[in-house]
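A.B. asks: The structure is given below, and queries will be raised subsequently.
The values are calculated or read from the model by the stated rules, or taken from the named source; none is laboratory data. Model, not experiment: these values are computed from the prediction. Cβ coordinates were reconstructed from backbone atoms using ideal geometry, including for glycine residues, and neighbour counts include every protein chain displayed. The protein model used for the area step is the full one, side chains on, heavy atoms only, and it has no ligands, DNA or RNA in it. Shrake-Rupley method; radii C 1.70, N 1.55, O 1.52, S 1.80 Å.
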Amino acid sequence: MAQSPANPHKSSSPTVALSETDLRKRFQAIFHNTFQFMFLVDMDGIMLEMNQAATNITGIHAREAIGNALWELDCWADEAARNKLKTSIYRASGGEFVRYTSEMRNLEGASSVIDLSIKPVFGEQGDIDFFVVEGRDITNLKRLEFERDRERQYADTWQKLNEMKNEFVSQVSHELRTPLASIIGFAQTLLRSPQIAPEKAQQFLTIILDDGRRLERLVEDLLDISRIESGKTTLITQNLDVNGLLDYALHIIAPEATSKNITLERTYEAPTRFLALDHDRMTQVFVNLLSNAVKFTPKNGRVDVETVVDEKNGELHVLVRDTGVGIPQNDVPRLFEKFFRAKQRDHEGKEIRGTGLGLAIAKQIIELHGGTIGVESALGQGSTFTICLPM
Ligand code: ADP
């Protein structure tokens, strides 16, 4: 049989030990050609070796770095990154494998996000010889994740806006349908019954007028809220006395209160205070709160208006307190939402009517003035609305 030529690269014996030099060469080849950047550090975090990839990312050469603590290299993003590295090496000295996300500064001074791990390497006696600190630049990965999250958020917001728009359209249609159906129904009855008794006709016409007015109010409120929400409303402020404005609102509401024999009381603890307010808008808010208080308070009840100065917070508080039907606790958090109505009934069991837009508008107006509005209520005992205005 012909003898095959000897392969010069194949060792004749499978177990020939490599020389120190060959081993070093192999280690260097692997160490310097990996994509990950690596540092070998001792138990005190002092640099023993660093590979080419580490030089590439930090711009620091091994000869400058070896002998210094790893966290002292001028490549970590900030003090927090240095401290985290120090404590992580300390944790790894307990034999633990530590991995976390850190930040480094690259050659251009831009910040890079790094997936960093610290692995203890054990010697023959089971003691830690050194640590391999290995890192991977995941800036692009993080940016992609961030962009994906942002796109998802955009899509969610878009969907929510769409849902809100649909809900709004369906609520408006619902609110318009009831008075419209009543107006059309009673008008048809009147047309079809020429012999109808005058008192009956009078009654039907009153309903038509009431529902027509309700529609008018609803459309006005809708236009109002859409103007405010689209940012088209600017306040026309002047220095106004809050107590004076409240007196004006009380004067407007007085006939409604008198018709139910409701007492209107005022306690102006706050001396005359001039605040930058929009006269018409603030009157609208005060009239809304007072008219609600009268509407939701049974006959012979009482409505109190108070002003108090909160020097500590630099605020003036306006309180509108009634002895009315109150609001169920579950409904309180939703009270300032558009169209929300707690659907209380009056003492005759009749539903108390409204558009459910007044408080939503009031909240927007108060916020435009830099203030807040809130409510406390006990069912069957009454409610207190509080407006806090900055002084
Ligand atoms: P509207 O009174 O036209 O329905 P609002 O936005 O002014 O609309 O009020 C929303 C709801 O808040 C009312 O339907 C009612 O359920 C509740 N509410 C407001 N003020 C009072 C009050 N003083 N007492 C009891 N419930 C109230």
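A.B. asks: Can you tell me which residues in the range 16-45 are loosely packed, with under 11 Cβ neighbours inside 10 Å, closer than 28 Å to CYS75 by Cα and among the acidic types (Asp, Glu)?
C.D. replies: Across the range 16-45, the qualifying residue is only ASP44.
A.B. asks: If you go through the range 26-73, how many residues are part of a helix (DSSP H, G or I) and either of a type outside the set (Lys, Arg) or in contact with a Pro (Cβ under 6 Å, 6 or more places away or on another chain) (or both)?
C.D. replies: Taking the range 26-73 first, the residues part of a helix (DSSP H, G or I) are 26-33, 52-58, 62-65, 70-72.
Within this subset, residues satisfying the condition of being either of a type outside the set (Lys, Arg) or in contact with a Pro (Cβ under 6 Å, 6 or more places away or on another chain) (or both) are 27-33, 52-58, 62, 64-65, 70-72.
Residues flagged as part of a helix (DSSP H, G or I) and either of a type outside the set (Lys, Arg) or in contact with a Pro (Cβ under 6 Å, 6 or more places away or on another chain) (or both) within the range 26-73 amount to 20.
A.B. asks: Here is a further query. When the range 318-340 is examined, which residues are found to be open to solvent by less than 40 Å² (accessible area, probe 1.4 Å), in a strand (DSSP E or B) and more than 8 Å from the ligand (Cβ to nearest atom)?
C.D. replies: Within the range 318-340, VAL318, LEU319 meet the criteria.
A.B. asks: Sticking with this structure for a sec: Please verify whether the range 341-361 includes one or more residues that are in contact with a strand residue (DSSP E or B) (Cβ under 6 Å, 6 or more places away or on another chain), assigned to a loop (DSSP other than H, G, I, E, B) and over 25 Å from HIS174 (Cβ atoms).
C.D. replies: Looking through the range 341-361, none of the residues is in contact with a strand residue (DSSP E or B) (Cβ under 6 Å, 6 or more places away or on another chain), assigned to a loop (DSSP other than H, G, I, E, B) and over 25 Å from HIS174 (Cβ atoms).
A.B. asks: Of everything in the range 261-281, what is of a type in the set (A, V, I, L, M) and away from the ligand (no atom under 16 Å from the Cβ)? Give them in sequence order. Full working, then the answer.
C.D. replies: Of the range 261-281, the ones of a type in the set (A, V, I, L, M) are 262, 264, 270, 275-277.
Within the range 261-281, ALA270, LEU275, ALA276, LEU277 meet the criteria.
A.B. asks: Looking at the range 226-295, what strands (runs of 3 or more DSSP E) fall wholly within it and have at least 2 residues that are of a type in the set (D, E, K, R) and either open to solvent by less than 30 Å² (accessible area, probe 1.4 Å) or under 17 Å from LEU319 (Cα atoms) (or both)?
C.D. replies: Values: elements: 237-241, 263-268, 274-278.
By residue number, 263-268.
A.B. asks: Further, regarding this structure: Would you mind stating whether LYS299 is open to solvent by 40 Å² or more (accessible area, probe 1.4 Å), within 16 Å of the ligand (Cβ to nearest atom) and either in the same structural domain as ASP247 (by TED's automatic domain parsing) or under 25 Å from ARG217 (Cβ atoms) (or both)?
C.D. replies: Working: open to solvent by 40 Å² or more (accessible area, probe 1.4 Å): yes; within 16 Å of the ligand (Cβ to nearest atom): yes; either in the same structural domain as ASP247 (by TED's automatic domain parsing) or under 25 Å from ARG217 (Cβ atoms) (or both): yes.
Yes; evaluated as a whole, the condition is true for this residue.
A.B. asks: Looking at the range 341-391, which of its residues are closer than 20 Å to VAL308 by Cβ and within 8 Å of the ligand (Cβ to nearest atom)?
C.D. replies: Within the range 341-391, ALA362, VAL375, SER377, GLY382, SER383, PHE385 meet the criteria.
A.B. asks: Cβ-Cβ under 6 Å, sequence separation 6+ or interchain: first residue in the range 124-135 and within 22 Å of MET50 (Cα to Cα), partner assigned to a loop (DSSP other than H, G, I, E, B). Which pairs?
C.D. replies: Correct list of pairs: ASP129/GLY123; PHE130/ASP42; GLU134/GLN36.
A.B. asks: Ok, one more. Determine, yes or no, whether LEU116 is touching a residue at least 24 places away in the same chain (Cβ under 8 Å), touching a Ser or Thr at 6+ places or on another chain (Cβ under 6 Å) and outside the structural domain of LEU357 (by TED's automatic domain parsing).
C.D. replies: Spelling it out, LEU116 is indeed touching a residue at least 24 places away in the same chain (Cβ under 8 Å), touching a Ser or Thr at 6+ places or on another chain (Cβ under 6 Å) and outside the structural domain of LEU357 (by TED's automatic domain parsing).
A.B. asks: Let me ask another. Going through ARG213, ARG143 one at a time, which residue ends up being open to solvent by 90 Å² or more (accessible area, probe 1.4 Å), under 30 Å from PHE37 (Cα atoms), assigned to a helix (DSSP H, G or I) and not acidic (Asp, Glu)? Working first, answer last.
C.D. replies: Values: ARG213 fails: under 30 Å from PHE37 (Cα atoms).
Within the list ARG213, ARG143, the selection yields ARG143.
A.B. asks: Please enumerate the residues belonging to the range 304-317 that are away from the ligand (no atom under 14 Å from the Cβ), free of Cβ contacts under 8 Å to residues at least 60 places away in the same chain, closer than 14 Å to ILE387 by Cβ and of a type outside the set (Asp, Glu). Walk me through it before giving the result.
C.D. replies: Just the residues of the range 304-317 that are away from the ligand (no atom under 14 Å from the Cβ), to begin with: 306-317.
Filter once more, keeping what is free of Cβ contacts under 8 Å to residues at least 60 places away in the same chain: 306, 308, 311-312.
Add one more test, that the residue is closer than 14 Å to ILE387 by Cβ, and what stays is 306, 308.
Result: VAL308, single match.
A.B. asks: Is it fair to say LEU161 is outside any strand (DSSP E or B) and within 33 Å of the chain's Cα centre (by Cα)?
C.D. replies: Numbers: outside any strand (DSSP E or B): yes; within 33 Å of the chain's Cα centre (by Cα): yes.
Spelling it out, LEU161 is indeed outside any strand (DSSP E or B) and within 33 Å of the chain's Cα centre (by Cα).
A.B. asks: Tell me whether the range 199-218 contains one or more residues that are at pLDDT below 90 and of a type outside the set (A, V, I, L, M).
C.D. replies: Among the residues of the range 199-218, at least one is at pLDDT below 90 and of a type outside the set (A, V, I, L, M), which makes the answer yes.
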